[in-house]
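K.L.:
For reference, the structure I am asking about is given below.
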């Protein structure tokens, strides 16, 4: 669900913002959530702090008040052990407030990093099922319409017979996970992703033997990049457990680690 959909379903909403943070807290200043009488969107960190904020927001909705300020110590008195202190601002939202929040949400979504899953088989669909819940733009690509139709995740599904073109036109710092139904196609697409030179992550499903074979292929077919930046096998810790969901969970951890790494770390890795 996007914020616009939340507002469409809930017209009377309190905007909860974490405006000050001193010491340790579950989220940094600027974290926000939107609270309706029977639903909430986003999070300020969970736990007792969030429970108190939601309870206060719903009290505002019931009694007709417009604003509230909460100064909360994150210690034993509220059952949390962060040790810091936070200030929360709660405000009833006007139509203008909602429009501005939707515009900000739209801009934020446009800036999300892109994750391209190249192959809509069992592991590809398991990956999509996890990435749909993360702050990324996930694109699942396959030439086979029937495989794409089996994916029910809330991600972009793209039928493409030339996935290499999708790779070439991807935004900078995208992540590419290659797991098609064809080893030759795997090699072609992985080589294309590495040749970009700006990918945050390039992963190829398969064994150490497959990696060795790919390295030879890439050396023979590309003069623009090496294969040192390739992750293969992907989700290496899943080597004893081949279930798609287990592999997907470990690969998602790899990709999100790469996407959230500082930009200078990526530059050093490329050099």
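K.L.:
May I have the convex hull volume per residue, in Å³, for the Cα set of the chain?
P.N.:
156 Å³
K.L.:
Could you calculate the FRET efficiency of residue 37 with residue 158 from 1/(1 + (r/R0)^6), where r is the beta carbon distance between them and R0 is 41 Å, rounded to 0.05?
P.N.:
Here the calculated transfer efficiency is 0.60.
K.L.:
Something else about it: Which order do the peptides 113-124, 150-161 come out in when sorted by mean C-beta neighbours inside 10 angstrom, highest first?
P.N.:
Listed from highest to lowest mean packing, they are 113-124, 150-161.
K.L.:
What's the ranking of 65-72, 10-17 by average number of surrounding C-beta atoms within 10 Å, highest first?
P.N.:
The densest-packed peptide leads the list: 10-17, 65-72.
K.L.:
Under the Kirkwood approximation applied to all pairs of distinct alpha-carbon atoms, what is the hydrodynamic radius of segment 112-270 in Å?
P.N.:
Kirkwood radius, segment 112-270: 15.4 Å.
K.L.:
Using Cα pairs under 8 angstrom and six or more residues apart, how large is the relative contact order of the chain, in percent?
P.N.:
13 percent
K.L.:
Provide the packing ranking of 195-206, 221-232, i.e. peptides ordered by the mean count of other C-beta atoms within 10 Å per residue, highest first.
P.N.:
Highest to lowest by the protection proxy: 195-206, 221-232.
K.L.:
Two decimals, Cα atoms only, Kirkwood Rh: what is Rg/Rh over segment 44-135?
P.N.:
When Rh is taken as the Kirkwood radius, the ratio is 1.13.
K.L.:
Given the Cα-Cα distance of residue 103 and residue 28 and 0.36 nm per residue of separation, how much length would full extension add, in nm?
P.N.:
24.8 nm
K.L.:
May I pose another question? What is the angle, in °, between the Cα long axis of helix 244-259 and the longest principal axis of the Cα atoms in the chain? Nearest 10 is fine, range 0 to 90.
P.N.:
Tilt of helix 244-259: around 80 degrees.
K.L.:
Modelling each spin label as a point 7 Å along the Cα-to-Cβ direction, I'd like the residue 224/residue 55 distance in nm, to one decimal.
P.N.:
Distance between the two pseudo-spin positions: 5.8 nm.
Each value in this text was obtained by applying a stated rule to the coordinates, not by laboratory testing. Since we're looking at a predicted model, the values are computed, not measured. Cβ: placed from backbone, ideal geometry, glycine included. Neighbour counts: every protein chain shown.
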